[in-house]
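First the structure, in the form of structure tokens, and then the observations on it.
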Amino acid sequence: MTVAPNAPILFFDSGVGGLSILAPARAALPTAPIIYAADSAGFPYGTKSEDEIAARVPALLGRLVERYRPRLAVIACNTASTIALRHVRAALDIPVVGTVPAIKPAALLSKSRVFGVLGTDATVRQPYVDRLAAEHGADCIVLRYGSGALVALAEAKLRGQPLDPAVARGALAGLLDQPGGDRMDVVALACTHFPLVEPELAAAAPHPIIFVHGGEGIARRIAFLTQGQPWPAHATAGTAVFTRVDDDILTLAPALARYGLDRIEQL
């Protein structure tokens, strides 16, 4: 398949969490044209049913691919990936990269053999997480906790709003207060929103904890899948696409610009 140099990479998330995936990808491929799509009308995904997400995500990605003709799509959302990745790959004729919880690196890094998986409610209850934990952390205690409040904290941070430190403390306590939690030394951030508030989580930790997520690995996967393809000679402004644009979305403009997304459009 011939790929035009200006064919973009499409990143998709329910909100702005996928920016934590976009940043390392942009560092690896600095001139890649970028479309960042957020389902603001459907946000948040973490509290939706599996059936809703499995129906909604492939339909939206189909419309986005039709409009923007990307060379590759990245589902920069753990919840959407664990539930809808199979459906999206069946529906699209371009490569699709998903985001999986960083359970393997967490298990490799944990010296105490106790690590946490911090995600949304929808992600931490997925059988996929069970399989990863069994495969890579069979000799570990794997603690899980779902926090919708931490998703909201990340969104507030990008809007420049004041942050309540109790939110990060509460999310970590959801893991630390479980049996064995006092020995937890690594946490897999299994929601793309959460690396955006890693400094707040680290500040709330009662002892040193290593936080891991999948951004660098996804950047390497994108680079591998697009190897040999032509890119523009110079970087261009990226586009942020929302399924609903209102004043709240417009407050994100300065943060989006920091990630190279200078245009805002509505799907």
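The values are calculated or read from the model by the stated rules, or taken from the named source; none is laboratory data. Predicted model, so just to flag it, every value in this text is computed and none were measured. Note that each Cβ is placed from the backbone with ideal geometry, even for glycine, and that neighbours are counted across all protein chains shown. For the accessible areas, the whole protein counts, side chains as well, though only heavy atoms, and no ligand, DNA or RNA atoms are used. Shrake-Rupley method; radii C 1.70, N 1.55, O 1.52, S 1.80 Å.
Conditions (1) within 25 Å of Ser40 (Cβ to Cβ); (2) surrounded by 14 or more Cβ atoms within 10 Å (Cβ to Cβ), marked per residue:
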site: Phe194; (1), (2): yes, yes
site: Gly217; (1), (2): no, yes
site: Ala237; (1), (2): yes, no
site: Asp248; (1), (2): yes, no
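For the range 127-137, a residue qualifies if it is surrounded by 15 or more Cβ atoms within 10 Å (Cβ to Cβ) and in a helix (DSSP H, G or I), and the qualifying residues are Tyr128, Val129, Leu132, Ala133, His136. What about Ala168, is it free of Cβ contacts under 8 Å to residues at least 40 places away in the same chain, buried (at least 17 other Cβ atoms within 10 Å of the Cβ) and among the aliphatic types (A, V, I, L, M)? So Ala168 passes the test. Go through the range 128-141 and give me each residue that's in contact with a helix residue (DSSP H, G or I) (Cβ under 9 Å, 6 or more places away or on another chain) and not small (Gly, Ala, Ser). Correct list: Tyr128, Val129, Leu132, Glu135, His136, Asp139, Cys140, Ile141. Go through Arg244, Arg258 for me and flag whichever is farther than 22 Å from Pro95 by Cα, of a type outside the set (Ser, Thr, Tyr) and touching a strand residue (DSSP E or B) at 6+ places or on another chain (Cβ under 9 Å). The unique qualifying residue is Arg244. In the set Arg263, Arg244, only one residue is of a type in the set (D, E, K, R), assigned to a strand (DSSP E or B), modelled with pLDDT of 95 or more and over 16 Å from the mean Cα position of the chain (by Cα); that residue is Arg263. The one condition from (1) under 19 Å from Thr123 (Cα atoms); (2) aliphatic (A, V, I, L, M); (3) modelled with pLDDT of 95 or more; (4) touching an Asp or Glu at 6+ places or on another chain (Cβ under 9 Å) that Ala37 does not meet is (1).
All conditions in (1) in contact with a strand residue (DSSP E or B) (Cβ under 7 Å, 6 or more places away or on another chain); (2) at pLDDT 95 or above; (3) open to solvent by 10 Å² or more (accessible area, probe 1.4 Å) hold for Val124, with the sole exception of (2). Against the test of being over 23 Å from Ala253 (Cβ atoms) and of a type in the set (Asp, Glu), the options Glu216, Glu155 yield a single qualifying residue, Glu216.
In the range 221-240, of all residues being out of contact with any helix residue (DSSP H, G or I) (no Cβ under 7 Å at 6 or more places or on another chain) and not in a loop (DSSP other than H, G, I, E, B), the one that is farthest from Pro5 (Cα to Cα) corresponds to Arg221. Of the strands (runs of 3 or more DSSP E) lying entirely inside the range 1-81, not one contains at least 3 residues that are surrounded by fewer than 24 Cβ atoms within 10 Å (Cβ to Cβ) and of a type outside the set (D, E, K, R). Cβ-Cβ distances below 6 Å connect the following pairs, each with a first residue in the range 82-109 that is in contact (Cβ under 8 Å) with a residue 24 or more places away in the chain, a second residue that is charged (D, E, K, R), and a separation of six or more residues or different chains: Ile83/Glu50; Val96/Arg89; Val97/Arg221.
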